[in-house]
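Before I ask anything, here is the structure I am working with.
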Amino acid sequence: MSLSKAIGVLSGINEFGNLFQLVTSVVSYVRSKWNGSQETQQLKQEDLLQLQSDLQRLTDTLPAMYNLIDRAEWRIHVPSVAQLLPKLKDAVYDAEDLLDEFRWYKLKLEIEGNNGVSQMSPFIDFFHSVTHGSFNKVTDIQTRLSHISAQLEKMGMHEATPRFDKSVRPPTTSFCTEPNILGRDKELKEAMRLLGVPAPDHGSSSRCRSTSKRKRTASSAADSTEPIRISSVPVLPIVGIGGVGKTTLAQEITTLPSVKSHFDNIIWICVSDDFDEERFTKVLIKSLSRKEATADNLDDLQQVLAEEAGKKEVADIVGTMESFVLEGLKEDVFWDFFKLCVFGSEDSHIDPQLEQIDYNFKKAILAEIWVAEGFVEPQGSIPLQHIGEQYFEDLVNLSFFHKLRGKYVIHDLMHDMALLVSKDECFIVKNTSGIEKVPPSVRHLSILSSSGVKCSDLMSLCKHTKLRTLLCNKYFRSEILSSLMDCWFDELGCLRVFFCAFKLEQLPERIGNLKHLRYLGISGNCHFNEVPSSFWSLYNLQILYARKCTFQRLHIGASKLINLQKFESRILEMKVDAVKLVEQIGFIDNFPGKKDLVIYNLGVISKDHAAKVELRKRKDLNSLTLSWFLFRSPEHNEIEVLEALRPPTSVKSVHIEGYPGEYLPSWFPGSGSDGLDAMPVSSTILSSLTELRIEGCQNLSDCRFEQFLQPATYVPAIRKIEIAHCRNVKSVRIEQFLQPTPLEELKVYNCPSITHLLARKLKLKYSGNLGDSIDCSSLTSIV
């Protein structure tokens, strides 16, 4: 892809003025309050204004640099240009990285809030990352760009960039350019049949009949002075990928004796993409008459063509036959053809390693990577992913990619050419020695699964600090893997695309250093307890593929990942802060299937806030945990909040922690008390509930579960009830049922005030002091 497409990092950078105005105001405030602390002494308003000006100038310079790179790539064969071009690209890459880093800090201010002093620290970090005493990274890059571009301009780079047009396409003729044609006998016969050319065994008689019929028709037409009119001109398109042999097949057809004898005239015309009807007609006339056409307008030219074509009128209708698709050669024939082209013989023996076939590309994934790299140019409101996939289709139509059995491959020669033109920026590690050959200027690196490299070998990649892409398909499970990842995430801060096949014990906390990261892929079968807190500072992250990975719990700070489009992984438990419940609850929609949801810090929200979530409508919840442990509202509206958080009837497990209310909500059957009337059981029953846990509810005094166990059609198949750390619960009642229920286990522990527990036909686990007042007559066992 042309580097001129890499403009994604510039989006959102046109607001330098607003951001720096904010920061300048904060600096003034901080300096006045802190009386010239060390931070503000080093950060002056004039310094900020200069940095703003330098960044804006660098931004304005980049489009011209992209254009210059395009022009220079057309003259890469000139040694002096070939020497300067990598340096120009390197400086442009550095400029993009710097501006993208600035954009990350801009996003941080927008996402975290711009509440003055607390937000100064990250911006001070950015300021000091670009200025080191008298050295300024921004002006250094600008100086490099100016110096290199000036040298290239002196070499004639100011000329317009050539384009791929008809002048680039070499013309073809009817003369065969290939001495031998392999494996096309079947295709030749089929093309002849479609063209109506008789088979050789009866070609003479057919030819005589055809000629005689044509002569009689012409004679009859001449006697009646009526011109012969052709109703249509049939066209047989031969289609196929570039290089498959379409032109060679057409050349072979035109030279066959049977074809020459069947048609009166055979004309070969090379038609370019820029179709010129007038030029096309002149070529036809010259082919028929062997003379140059002298007419200067299309109508006169067509009249001359009609006369030269045998006094017949030029057809008004062009009838196109069904396309004749020319497929690739069979593998054994193609291999013979390859050896013939390379070695001049079909019997040459070649190293078997050279016979290995290329890589299957996936359109959607490659388009996502292009977007992550900034190669996809925005087009209005069209999603960048769709535009990237259209790029891919364009390359398929141009035969860069070829669809084979539902997958996409690339020709070996195309692959080798791509490696050649990108040798300073892209590298593939194919074996152990390849690690030592990685170029210093590399930006995109791939490590093949068959490379044979060891985990320790990869530590040396830490020196390639400008890497934007790192694809490691080699599987590792090593004791130094954690150190390797720490090293990579410390040093490779410019990564935009990172993929690994490792089996990781956990995601390193240092992953938060990857400010530029857009695409993260992990193919190893990993089990993580949770993501590190720094993960939520990856504001640029668009894609996370970890389909084989399991996260024990995911503490959702996802509202910060404003660019996230896909997060594919298995999450056992999702934790959401009630403060941002409405904003974050939609994030769980990114995960298919049933979910275990934990909502904590419920003491800070109102019943209206809780009602907006509409939990009862969520059919994707497997279990629900509602927690009040951190804070209790001074309004003591816990019962109203819990009422509003009514689970869907399909939920299987409900866990209530630290609930400070005295009564359970009305969606607990039979729980109405002190003015809170229970709703009808048929409308509130949790019909799929199998497990209920009540923990740390200090003000709760009475737990009644009678209606949970009624043997009616709507009664849930509840199997387990657990009550723990509820110091004021005095009684637990499970009674008033006529038939055995599915309840298998009742756990009651650390409830010191309990005096009455009534149960029947249960396996009971209990810890506490019941004293003499408990009714033990209905207990089966006490454990």
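The values are calculated or read from the model by the stated rules, or taken from the named source; none is laboratory data. Quick caveat, the model's predicted, so the values are computed rather than measured. Quick reminder, even Gly has a Cβ in these numbers, built from the backbone with ideal geometry, and neighbours come from all protein chains shown.
Which of the residues spanning the stretch 370-390 are surrounded by 20 or more Cβ atoms within 10 Å (Cβ to Cβ) and in a helix (DSSP H, G or I)?
Taking the stretch 370-390 first, the residues surrounded by 20 or more Cβ atoms within 10 Å (Cβ to Cβ) are 370-376, 384, 388.
Answer for the stretch 370-390, where residues must be surrounded by 20 or more Cβ atoms within 10 Å (Cβ to Cβ) and in a helix (DSSP H, G or I): Trp370, Val371, Ala372, Glu373, Leu384, Gly388.
Moving on. If the requirement is being modelled with pLDDT of 70 or more, of a type in the set (A, V, I, L, M, F, W, C) and part of a strand (DSSP E or B), which of these qualifies: Val748, Val729? First the steps, then the outcome.
Details: Val729 fails: part of a strand (DSSP E or B).
Exactly one of Val748, Val729 is modelled with pLDDT of 70 or more, of a type in the set (A, V, I, L, M, F, W, C) and part of a strand (DSSP E or B), namely Val748.
Restricting the search to the stretch 530-556, which residues are closer than 22 Å to Lys106 by Cβ and under 21 Å from the mean Cα position of the chain (by Cα)? If you could, list the steps in order and put the result at the bottom.
Step one: of the stretch 530-556, the residues closer than 22 Å to Lys106 by Cβ are 533-543.
Phe535, Trp536, Ser537, Leu538, Tyr539, Asn540, Leu541, Gln542, Ile543, listed by residue number.
In addition: When you scan the stretch 118-221 for helices (runs of 4 or more DSSP H) that lie fully inside it, which ones turn up with 1 or more residues that are more than 46 Å from the chain's Cα centre (by Cα) and modelled with pLDDT of 60 or more? Break it down stepwise before answering.
On the way: elements: 120-130, 137-152, 185-195.
In the stretch 118-221, the matching helices (runs of 4 or more DSSP H) lie at 185-195.
Right, something else. Search the stretch 241-286 for residues being modelled with pLDDT of 80 or more, under 30 Å from Asp412 (Cα atoms) and of a type outside the set (Ser, Thr, Tyr), and hand back the single one that is nearest to the chain's Cα centre (by Cα).
Here the answer is Lys246.
So, one more: For Leu84, only one of the following conditions fails: (1) at pLDDT 80 or above; (2) in a loop (DSSP other than H, G, I, E, B); (3) of a type outside the set (Lys, Arg). What is its number?
Condition (2) is where Leu84 drops out.
Sticking with this one: Here are some conditions: (1) in contact with a Ser or Thr (Cβ under 6 Å, 6 or more places away or on another chain); (2) without any contact (Cβ under 8 Å) to a residue 24 or more places away in the chain; (3) closer than 26 Å to Ala91 by Cβ. Gly452 meets all but one. Which one does it not meet?
Here Gly452 meets the rest and fails (3).
Could you identify the single residue in Gly452, Gly374 that is at pLDDT 90 or above and in contact with a helix residue (DSSP H, G or I) (Cβ under 7 Å, 6 or more places away or on another chain)?
On inspection, the qualifying residue turns out to be Gly374.
Could you run through the stretch 574-587 and say how many residues are under 14 Å from Phe551 (Cα atoms) and either among the charged types (D, E, K, R) or surrounded by fewer than 19 Cβ atoms within 10 Å (Cβ to Cβ) (or both)? So that I can check it myself, show each step before the final result.
Step one: filter the stretch 574-587 for residues under 14 Å from Phe551 (Cα atoms), giving 574-575.
This time we only want the ones that are either among the charged types (D, E, K, R) or surrounded by fewer than 19 Cβ atoms within 10 Å (Cβ to Cβ) (or both), so: 575.
Selection size over the stretch 574-587: 1.
Return a yes/no flag: does the stretch 83-106 have any residue that is out of contact with any His (no Cβ under 8 Å at 6 or more places or on another chain) and free of Cβ contacts under 8 Å to residues at least 12 places away in the same chain. Steps first, answer last, please.
To start, the set of residues in the stretch 83-106 that are out of contact with any His (no Cβ under 8 Å at 6 or more places or on another chain) comprises 83-96, 98-99, 102-103, 105-106.
Now drop any that are not free of Cβ contacts under 8 Å to residues at least 12 places away in the same chain, which leaves 83.
Scanning the stretch 83-106, I find at least one residue that is out of contact with any His (no Cβ under 8 Å at 6 or more places or on another chain) and free of Cβ contacts under 8 Å to residues at least 12 places away in the same chain, so the answer is yes.
Then there's this: Starting from the stretch 580-596, take each residue that is more than 15 Å from Arg553 (Cβ to Cβ) and list its partners that are among the aromatic types (Phe, Trp, Tyr) and outside any helix (DSSP H, G or I), counting only C-beta distances under 6 angstrom and pairs at least six apart or across chains.
Taking only residues 6 or more apart or on different chains, the pairs are Asn590/Phe567.
While we're looking at this one, here's another question. State which residue pairs qualify: first residue closer than 17 Å to Asn265 by Cβ and inside the stretch 287-307, second residue surrounded by fewer than 14 Cβ atoms within 10 Å (Cβ to Cβ) and among the aliphatic types (A, V, I, L, M) in any location, beta carbons under 6 Å apart, and separation of 6 or more residues or different chains.
Ser287/Ile267
Now a separate question. Any residue in the stretch 537-547 that is touching a Gly at 6+ places or on another chain (Cβ under 9 Å), under 19 Å from Leu645 (Cβ atoms) and without any contact (Cβ under 8 Å) to a residue 60 or more places away in the chain? Even if it seems obvious, please write down each step before you answer.
Step one: list which residues in the stretch 537-547 are touching a Gly at 6+ places or on another chain (Cβ under 9 Å), which gives 537-538, 543-546.
Going one step further and asking which of them are under 19 Å from Leu645 (Cβ atoms), we end up with none.
No, the stretch 537-547 has no match at all.
In a strand (DSSP E or B), closer than 27 Å to Trp667 by Cβ and more than 23 Å from the chain's Cα centre (by Cα), is that true of Leu581?
Working: in a strand (DSSP E or B): no; closer than 27 Å to Trp667 by Cβ: yes; more than 23 Å from the chain's Cα centre (by Cα): yes.
No, not satisfied.
Taking into account only those residues within the stretch 510-529 that are part of a loop (DSSP other than H, G, I, E, B) and surrounded by fewer than 17 Cβ atoms within 10 Å (Cβ to Cβ), which is farthest from the chain's Cα centre (by Cα)? It would help to see each step written out before you state the result.
As a first pass, look at the stretch 510-529 and keep what is part of a loop (DSSP other than H, G, I, E, B): 514-518, 523-526, 529.
Filter once more, keeping what is surrounded by fewer than 17 Cβ atoms within 10 Å (Cβ to Cβ): 524-525, 529.
Working: Gly524: 18, Asn525: 20, Asn529: 25 Å.
The qualifying residue farthest from the chain's Cα centre (by Cα) is Asn529.
Just for the stretch 672-695: of the residues that are small (Gly, Ala, Ser) and under 23 Å from Asn622 (Cα atoms), which one is modelled with the highest pLDDT?
First, pick out the residues of the stretch 672-695 that are small (Gly, Ala, Ser): 672-673, 675, 678, 682-683, 687-688.
Subset that is under 23 Å from Asn622 (Cα atoms): 682-683, 687-688.
Working: Ser682: 38, Ser683: 41, Ser687: 75, Ser688: 81.
The selected residue is Ser688.
Would you please list the contacts, defined by Cβ atoms under 8 Å and residues six or more apart or on different chains, that run from a residue in the stretch 696-725 that is under 20 Å from Ser623 (Cβ atoms) and part of a loop (DSSP other than H, G, I, E, B) to a residue that is modelled with pLDDT of 85 or more and aromatic (Phe, Trp, Tyr)?
Pairs found: Gly696/Tyr659; Cys697/Tyr659.
Show the residue pairs that are 6+ apart or on different chains and have beta-carbon atoms under 8 Å apart, the first residue being within the stretch 60-73 and outside the structural domain of Val138 (by TED's automatic domain parsing), the second being among the polar types (S, T, N, Q) and at pLDDT 90 or above.
none
Against the condition crowded, with 19+ Cβ neighbours inside 10 Å, at pLDDT below 95 and over 20 Å from Ser446 (Cβ atoms), how does Leu507 come out, does it pass? Give the derivation first.
On the way: crowded, with 19+ Cβ neighbours inside 10 Å: yes; at pLDDT below 95: yes; over 20 Å from Ser446 (Cβ atoms): yes.
So Leu507 fits the description; yes.
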